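K.L.:
One structure, pasted below without further comment.
The values are calculated or read from the model by the stated rules, or taken from the named source; none is laboratory data. This structure is a prediction, so every number in the text was calculated from the model and none was measured. Neighbour counts are summed over all protein chains in view; Cβ atoms, including those assigned to glycine, are modelled from backbone coordinates with ideal geometry.
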Amino acid sequence: MAVKLGIVLNSPRITLPSGYNNRFSIIYKRKTVITSEQIRAGRALLRWSAQELADRSGVGIATVLRLEQQDGVPSGRSHTLLELQRALETAGVEFIGTLEDAPGVRLVKRVKKS
């Protein structure tokens, strides 16, 4: 089991529900996994194009589009998924729920500067 920056990669102790691919998936200490649906929903909340997400995350546009087309946990490099999640979180998207219980996203309320 490889551990880096608090991320567990392909942990044999954590199993995903049937229909989800755990190959290369990101599993955090709090046992959440980012899904393709969450990536698409987060981007929609921000009204970003796929190109904007690609630019802000440093991930190629073709990779963003490929990951978004998959169902459930996308198969891809864990570093790539982490960069997408970081870009969305930096812009104010919060990932909520778990695979078993209402995975989703919401926009975090921002405090206006006075």
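K.L.:
For the stretch 22-51, how many residues meet the condition of being at pLDDT 50 or above, under 17 Å from Gln69 (Cα atoms) and surrounded by 15 or more Cβ atoms within 10 Å (Cβ to Cβ)?
P.N.:
13
K.L.:
In the stretch 55-73, how many are closer than 13 Å to Leu88 by Cα and either β-branched (Val, Ile, Thr) or more than 13 Å from the chain's Cα centre (by Cα) (or both)?
P.N.:
5
K.L.:
Considering only residues that are surrounded by fewer than 19 Cβ atoms within 10 Å (Cβ to Cβ) and not in a loop (DSSP other than H, G, I, E, B), look in the stretch 79-96 and name the one that is farthest from the chain's Cα centre (by Cα).
P.N.:
Of everything passing the filter in the stretch 79-96, Thr90 is farthest from the chain's Cα centre (by Cα).
K.L.:
Could you please tell me which pairs satisfy a Cβ distance under 9 Å, a separation of 6+ or placement on different chains, a first residue in the stretch 35-52 that is over 9 Å from Ala91 (Cβ atoms), and a second residue that is among the hydroxyl-bearing types (Ser, Thr, Tyr)?
P.N.:
Thr35/Tyr20; Arg43/Ser49
K.L.:
Next question. Which residue, of Leu99, Leu65, is surrounded by 12 or more Cβ atoms within 10 Å (Cβ to Cβ) and modelled with pLDDT of 95 or more?
P.N.:
Sole residue among the options that is surrounded by 12 or more Cβ atoms within 10 Å (Cβ to Cβ) and modelled with pLDDT of 95 or more: Leu65.
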